[in-house]
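Taken together, the values in this text are just the output of simple stated rules run on the coordinates, not laboratory data. For clarity, every value in this text was computed on a predicted model and none was experimentally measured. Neighbour counts are summed over all protein chains in view; Cβ atoms, including those assigned to glycine, are modelled from backbone coordinates with ideal geometry.
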Amino acid sequence: MSSLEQTLSIIKPDAVERNLENKIKSFFTEKNLKILKSKKIKISKDEASEFYKVHQTKPFYDALCTYLSSGPIIVMILEGENAVLKNRELMGATDPSKAEEGTLRKMYGISIDKNSVHGSDSVENAKTEIGFFFK
Ligand code: IDP
Ligand code: MG
């Protein structure tokens, strides 16, 4: 079954810093995920804490929020057939050392915390996350 979906993608500070924006964007468009909207922003730690609040009980929560607010990020709405799952597949596993060959995190991720990209994990969460960044 296929359905046209939108998902939120973020190019995280480690990847923006290494000028990977264009490479990552081309990767998505070559795989038929259309970039509907894109903006480069820097968020505050409070905003990062709100965005990642599902992780508030995790031991890495504070470091994660500090990290996401540490430098510019690119937030994007991607659209395509099964875009949510497709983006997750293109990203690869959370830990780059466990990600499959050819995935973004395998190619560009530095470590489990500096793993270059974020992607919504469900259609429901995609709606919430898109609403968070694109009012
Ligand atoms: P995801 O980004 O693959 O969806 P999540 O489990 O939702 O992974 O975690 C959100 C982010 O938190 C990850 O992308 C990663 O940057 C960070 N993270 C997850 N697990 C760990 C960990 O065990 N140590 C440090 N950072 C982590
Ligand atoms: Mg997640």
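Please enumerate, by chain and number, the aspartates and glutamates with C-alpha under 18 Å from the C-alpha of LYS31, excluding those fewer than 8 residues away in the same chain.
Cα-Cα hits under 18 Å: GLU5, GLU21, GLU79, GLU81, GLU89, GLU100, GLU101.
With the chain treated as a Gaussian network of Cα nodes joined by springs under 10 Å, which of ILE74, ILE11, ILE41 yields the largest mean-square fluctuation?
Evaluated over the chain, the most mobile residue of the options is ILE41.
Looking at the chain only, what percent of DSSP beta bridges run antiparallel? Nearest 5 please.
100
Given axes a ≥ b ≥ c from the Cα gyration tensor, I'd like to know whether the chain is rounded (a/c under 1.5), prolate (a/b larger than b/c) or oblate.
rounded
Spin-label point model (7 Å from Cα, Cβ direction): what's the LYS34 to GLU17 distance in nm?
3.5
In deg cm²/dmol, rounded to 500, what helix-only [θ] at 222 nm does the chain give when every DSSP H run of at least 4 residues adds -39500 (n - 2.57) and the total is split over its residues?
-11000 deg cm²/dmol
Rounded to the nearest 0.05, what FRET efficiency do ILE110 and PHE132 have when you use their Cβ-Cβ distance and R0 = 30 Å?
That pair, ILE110 with PHE132, gives E of 0.75.
At 15 angstrom or more along the helix axis (alpha-carbon based) and mean Kyte-Doolittle of -1.0 or higher, what helices does the chain contain? Whole DSSP H runs only.
Span-like helices here: 123-133.
Once the other residues with Cβ under 15 Å from the Cβ of MET1 are scored (Lys, Arg +1; Asp, Glu -1), what is the net sum?
Surrounding charge for MET1 is -1.
With the contact rule set at Cα under 8 Å and sequence spacing of 6 or more, what percent relative contact order holds for the range 13-135? Walk me through the numbers on the way to the answer.
Working: 154 pairs, mean separation 31.1, N = 123.
The value is 25 percent.
Students often forget the sequence filter, so: which lysines lie under 23 Å Cα-Cα from LYS135 once same-chain residues fewer than 8 apart are removed?
Once the sequence-local lysines are set aside, what remains near LYS135 is LYS12, LYS25, LYS34, LYS37, LYS39, LYS40, LYS42, LYS45, LYS53, LYS127.
How large is the dipole of the chain about the Cα centre if only Lys and Arg carry +1 and Asp and Glu carry -1, each at its Cβ, rounded to the nearest 20 debye?
My answer is approximately 340 debye.
As an exercise, identify the GluC sites (Glu not before Pro) in the range 4-86 lying in DSSP coil whose Cβ has no more than 16 other Cβ atoms within 10 Å.
Taking the range 4-86 and a limit of 16 other Cβ atoms within 10 Å, no loop GluC sites (Glu not before Pro) are found.
For TYR108, what is the net charge nearby, where nearby means another residue's Cβ is under 12 Å from its Cβ and Lys, Arg count +1, Asp, Glu -1? Write out the running numbers ahead of the final one.
Details: positive: LYS12, ARG18, LYS23, ARG105, LYS106, LYS114; negative: ASP14, GLU17, GLU21.
Surrounding charge for TYR108 is +3.
Once both labels are modelled 7 Å past Cα along the beta-carbon direction, what's the LEU4-GLU81 spacing in nm?
Computed distance between label sites LEU4 and GLU81 equals 1.3 nm.
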